[in-house]
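Read the figures in this text as sums done on the coordinates, not as results from a lab. Since we're looking at a predicted model, the values are computed, not measured. Cβ placement follows ideal geometry from the backbone for every residue including glycine, while neighbour counts extend to all protein chains displayed.
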Amino acid sequence: MSVNNEYRNFPMVPRVVFGKGSFNQLSLILDLKRETQAPFIFLVDDAFEKESSLVKRIELKFNDKILFISAEEEPKTSQVDAIVKDILEVYDKLPSGIIGIGGGSVMDLAKAVSLMLTNKGSAADYQGWDLIKTKSIYHVGIPTISGTGAEVSRTCVLSGPIRKLGINSDYTTFDQVVLDPLLLDGVPKNQWFYTGMDCFIHCVESLEGTFLNDFSQSYGEKAYDLCLEVFLEDNDLTEEEKRGKLMMASWHGGMSIAYSQVGVAHAMSYGLGFVLGTKHGIGNCIVFNYLEDYYPEGVAIFKKMVEKHQVDIPIGICSDLTEEKMETMINVALSLEPLWENALGKDWKSIMTRAKLRSMYIKM
Ligand code: NAD
Ligand code: ZN
């Protein structure tokens with residue numbers, strides 16, 4: 001199967017529990033999946049390391065273990081390899097499962113670790129499409145910040161020695177997801193906005209793209225409307241109600257791009273991420289701010305949302321890049337061919353020339 005197959009036969013998350021307090025059900029869910037003597041390994045965002053009630057609510061049994069993970073930088077193939085090596089050294093059996101509790105960074109790391117426990121070599125060998133041959137071990141995703149759609153997608157994005165690219169495979173998708181809006185409590189405001197805008201931008205790029213179809217449109221429109229309710233409209237929703245809606249927006253946005261594709265903002269943001277280490281959510285915002293020519297309505301609404309929430313979107317980050325870095329950034333962005341084709345059509349190469357892309361980056 002390749003990424004450009006006209007009809008994709010992609011996996012969905014087979015089990016999901018939703019609702020305030022649903023996190024309390026985790027222990028019961030895991031008990032049913034526990035293999036004798038084999039631990040569950042919990043990868044938990046280190047935002048929860050200190051005095052967090054969430055960690056106290058994780059019921060450790062037998063030789064289960066919690067590993068705190070920093071999401072300061074996005075996950076790397078070397079980080080996956082190191083965690084896998086440690087697990088294989090410490091335990092004489094494969095774990096019963098890997099549980100990722102955090103944002104896109106920690107959930108992607110959990111997906112990758114579960115895959116690499118059953119596939120030989122380095123995670124870097126599997127960056128690409130359908131290179132994984134052996135089923136992963138059981139893995140569970142529990143988002144604590146919403147927007148990326150990593151909880152539903154069949155990829156886990158990793159920075160490797162040569163590229164930043166996901167391990168896209170049928171085995172990447174979580175076996176179980178727990179959606180508890182209460183876990184979003186405590187997300188810093190700017191980060192809430194950047195990650196939430198990742199979802200909004202998924203919707204715009206999917207709905208405005210040439211790959212759009214009824215499947216993607218139905219999920220994309222729902223997620224788009226939910227984003228407007230959460231980020232733009234003046235309504236009577238409580239913060240708690242908005243968290244539930246944002247969680248569902250993220251889910252639907254992820255489903256929408258599963259059967260279509262993202263576009264210009266994501267392609268350019270990957271370039272920023274690779275060269276400058278700019279994180280996904282904020283990188284998308286930095287780029288999207290300048291994409292009126294491609295997504296006029298979406299960008300106008302985005303600017304209203306920025307204004308409403310008084311969020312800082314950095315500017316001028318590419319103004320004094322070296323020539324070499326600019327070239328790399330352009331190479332990385334242009335290598336994401338399906339994204340450009342979705343955004344601009346089959347003739348995208350004649351529209352998005354290197355010179356054009358450079359002139360856009362320089363403004364950012
Ligand atoms: P993140 O996981 O990088 O976390 C952002 C920040 O929020 C971190 O500092 C983290 O500690 C903090 N945080 C998370 N939950 C918190 C909480 N409840 N309280 C306080 N702080 C909290 O953010 P993200 O935007 O969700 O994920 C970005 C990553 O997702 C990138 O690595 C990107 O490549 C990846 N991504 C993956 C997919 C996919 O389909 N797999 C899609 C889009 C993006
Ligand atoms: Zn995204």
Between segment 258-333 and segment 98-120, what is the C-alpha centre distance in whole Å? 26
Computed D for segment 183-324, Stokes-Einstein, Kirkwood radius over alpha-carbon pairs, 25 °C, 0.890 mPa s, to the nearest µm² per second, is 159
With Rh as the Kirkwood radius over Cα pairs, segment 15-184 has Rg/Rh of 0.93
In whole percent, what relative contact order does segment 15-184 give with Cα contacts below 8 Å and a gap of six or more residues? 27
Angle check, please: helix 77-90 long axis (alpha carbons) against the longest principal axis of the chain (alpha carbons), in degrees 0 to 90, nearest 10. 0
In deg cm²/dmol and to the nearest 500, what is the mean residue ellipticity at 222 nm of the chain if only DSSP H runs of at least 4 residues count, each as -39500 (n - 2.57), divided by the residue total? -14000 deg cm²/dmol
Out of the GluC sites (Glu not before Pro) in segment 27-83, which ones are loop residues according to DSSP with at most 12 other C-beta atoms within 10 Å? E51, E72, E73
Counting only residues 5 or more places away or on other chains, whose amide H sits under 5 Å from the amide H of G166 once H atoms are built in the peptide plane? G128, L158
Loop-only check: which chymotrypsin sites (Phe, Trp or Tyr not before Pro) in segment 18-81 are DSSP coil with at most 16 other Cβ within 10 angstrom? F62
Taking Cα atoms, the helix 104-116 axis meets the longest principal axis of the chain at an angle in degrees (rounded to 10) of 60
Compute the label zone of K33 within segment 162-193: residues whose backbone N is under 15 Å from the point 7 Å along Cα-to-Cβ. 171-180
Angle, helix 323-334 long axis vs. longest principal axis of the chain, Cα atoms, 0 to 90°, nearest 10? 70
With an 8 Å Cα cut-off and a minimum separation of 6 or more residues, compute the relative contact order for the chain in percent. 15
What FRET efficiency comes out for the pair F215/V16, r = Cβ-Cβ distance, R0 = 22 Å, nearest 0.05? 0.75
Rg followed by Dmax, in Å, when the chain is reduced to its Cα trace: 19.8, 60
Where in segment 46-116 are there trypsin sites (Lys or Arg not before Pro) that are in a DSSP coil and have at most 15 other Cβ atoms within 10 angstrom of their Cβ? K50, R57, K61, K93
